[in-house]
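Trainee: Structure in structure tokens, see below.
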Amino acid sequence: MSLKFKRYYPTLLALILVVTFFILVMGSQRVIAYTTETASVTEEAIVAEDVEIYYTNEIALFDDTVVHSIQVIISDEDYQTMISTYQQTGEKDYFHADIIIDGVRINDVGIRLKGNASLMTALGGSGGMGGGAGFDRGAAPDAAAIPQDGVIPQFDPGNLPEGFDPNNLPAGVDPNNMPAGGVPGQMPGLATNGQAGETKIPFLIKFDKYVSGQTYQGYTKLALRTYGITYDEAMLEEPLTNYVFSLMGLPATETAYTGLQINEETEALYVLSEVVDDQIYLDRYFSNANGVLYKAEVGSSLTYVNDDPSSYTNSFSQETRVNDADMAPLIGFARFLTESDDATFGSELPNYLDVDAFATYLAITNLLVNNDSIVGMNNNYYLYYDDIAERFSLMYWDGNESLGGLGMGTSATFDLYFREQTGSRSPGGDENILLQRFKANAAFMALYEEKLRLVYEEAFLSGAITEKAEEYSALVLSINEERNLVNVENYEQSVENILTFINQRMDYVNSTGLMDE
């Protein structure tokens, strides 16, 4: 044995023992990266050479078989400024915070308010609906009438907003018994069963806002979502809608339930939601994940105006490849939708759009009565342009007003074929030209009807959506005695409301003869 080998023999032996330990003892452990850069955990962790932190007893971020735990640590001053800035200007500015997710602490993240109608309902102020011409939500005061201090005025049935239809309200809402004014933290939501509940503020977490490259389990963003504009203790709408989209093989954000605590405030139940413009989402669903993603804004229009990109900024925002790609593919699609004759539209639409997926999207959206979509508000969808296939895919997003949440018309009997009903209208303004031309084409509507039957069979007749609702509710109630996340009476009533809606929707579909054909 050489002198050099003898010198390094102890080190070599130690290395062999360490490697053997990991192979024999840790070999069956599943180890995943939780964060990069500035994270720490509350239990023992292994720090790798690249400064990533690994945790061997991990809880996957979107494991929907558990109710997660999230605490946001932010200065009181920043938190109040975040709210007052939105109320006074409509801006949703980021602020520094630390966040603890299931025992893992990530420092220096960005947090801001998120949402449109749900946020305005919670906080009032001058923020709101963006470009949504004609928006009017029965029970909600007119945004222009909300004072700068965020105090919501008493609802006055004798002074209704223009276009308000008192016969077009969610089931159980009494226009003569609306909530009085309130302030953030005190303002009750409006339940479909007439009960007042806790106002919840939706948030967006951005892990890499202040620390370049920082992620959590590969995610750069995380949405903390609420019940939308109508108080609902159970918040089943988005998780169930995502479940049906996934069941039918379409892209859908991952969701799970979490308790959310701001500083030392009381923990409350929220929905944890993936964000569509995160690269991890695009990688999951597209073989070419480096395409261009466009987000539809409230009241968006796909009608061609001209070739100037600025003419479309009120309808769409470009979310990926900014300063690299541009709006040209979207403008070309709009020109085709607007200027092609009927024969050309019918033969060439599949060259521009994944028509099969779009028909399935429409079937799910309509069966679940999600009017906060391309069908009603002309928003809450993304267009992803695969620049290799040179074709768009339309993707669903944000289902917290699904399952009849907007109460447009009689929700459970909302027409399967998009025919306008008495008392219902599209608050997003003109009907989306893609939807308008799609439903005017006999071949595309035959495909849509085929998808209606398929979705109805897979999600409703199979009992899948009901079973999933019961599974989620059992999960929340199983931990509630320990964590007190929900008011049990309100929660159980909200669950019952959803199950009733599902049954009523099935009764309506069965009455149409759809499954007899």
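Trainee: Of Met515, Met506, which residue is part of a helix (DSSP H, G or I) and either over 21 Å from Thr241 (Cα atoms) or at pLDDT below 95 (or both)?
Mentor: Exactly one residue qualifies, and that residue is Met515.
Trainee: Sticking with this structure for a sec: Of the residues that sit in the stretch 91-103 and are within 22 Å of the chain's Cα centre (by Cα) and surrounded by fewer than 16 Cβ atoms within 10 Å (Cβ to Cβ), which one is farthest from Leu224 (Cα to Cα)?
Mentor: Filtering first and then ranking leaves Glu91.
Trainee: Let me ask something additional. Would you pick out the residues in the stretch 479-517 that are surrounded by fewer than 13 Cβ atoms within 10 Å (Cβ to Cβ) and either in contact with a Pro (Cβ under 9 Å, 6 or more places away or on another chain) or among the charged types (D, E, K, R) (or both)?
Mentor: Glu481, Glu482, Glu489, Asp507, Asp516, Glu517
Trainee: Only one of Asp324, Asp277 is in contact with a strand residue (DSSP E or B) (Cβ under 7 Å, 6 or more places away or on another chain), of a type outside the set (Val, Ile, Thr) and at pLDDT below 95; which?
Mentor: When all the criteria are applied, what remains is Asp277.
Trainee: Continuing with the same structure: I'd like the full set of residues that are under 23 Å from Ala412 (Cβ atoms), outside any helix (DSSP H, G or I) and touching a Phe, Trp or Tyr at 6+ places or on another chain (Cβ under 9 Å), limited to the stretch 427-467.
Mentor: Pro427, Gly428, Glu431, listed by residue number.
Trainee: Can you name every one of the helices (runs of 4 or more DSSP H) wholly within the stretch 307-409 that holds 1 or more residues which are within 19 Å of Met248 (Cα to Cα)?
Mentor: 355-367
Trainee: Scan the stretch 341-384 for residues that are modelled with pLDDT of 95 or more and small (Gly, Ala, Ser) and jot them down.
Mentor: Ala343, Gly346, Ser347, Ala357, Ala359, Ala363
Trainee: With in contact (Cβ under 8 Å) with a residue 40 or more places away in the chain and over 23 Å from Tyr448 (Cα atoms) as the only criterion, which of Leu302, Leu330, Leu349 stands out?
Mentor: Leu330 is the lone residue from the list that is in contact (Cβ under 8 Å) with a residue 40 or more places away in the chain and over 23 Å from Tyr448 (Cα atoms).
Trainee: Which of the residues belonging to the stretch 194-244 are at positive phi and either in contact with a strand residue (DSSP E or B) (Cβ under 9 Å, 6 or more places away or on another chain) or not small (Gly, Ala, Ser) (or both)?
Mentor: Within the stretch 194-244, the first condition is being at positive phi, and the residues that meet it are 194, 213, 217-218, 228, 235.
Gln217, Gly218, Met235, listed by residue number.
Trainee: What residue, of Ala252, Ala256, Ala223, is touching an Asp or Glu at 6+ places or on another chain (Cβ under 7 Å) and of a type in the set (A, V, I, L, M, F, W, C)?
Mentor: On the way: Ala252 fails: touching an Asp or Glu at 6+ places or on another chain (Cβ under 7 Å); Ala223 fails: touching an Asp or Glu at 6+ places or on another chain (Cβ under 7 Å).
Exactly one residue qualifies, and that residue is Ala256.
The values are calculated or read from the model by the stated rules, or taken from the named source; none is laboratory data. These figures come from a predicted structure and were not determined experimentally. Please note: Cβ atoms are built from the backbone with ideal geometry, for glycine as well, and neighbour counts cover all protein chains shown.
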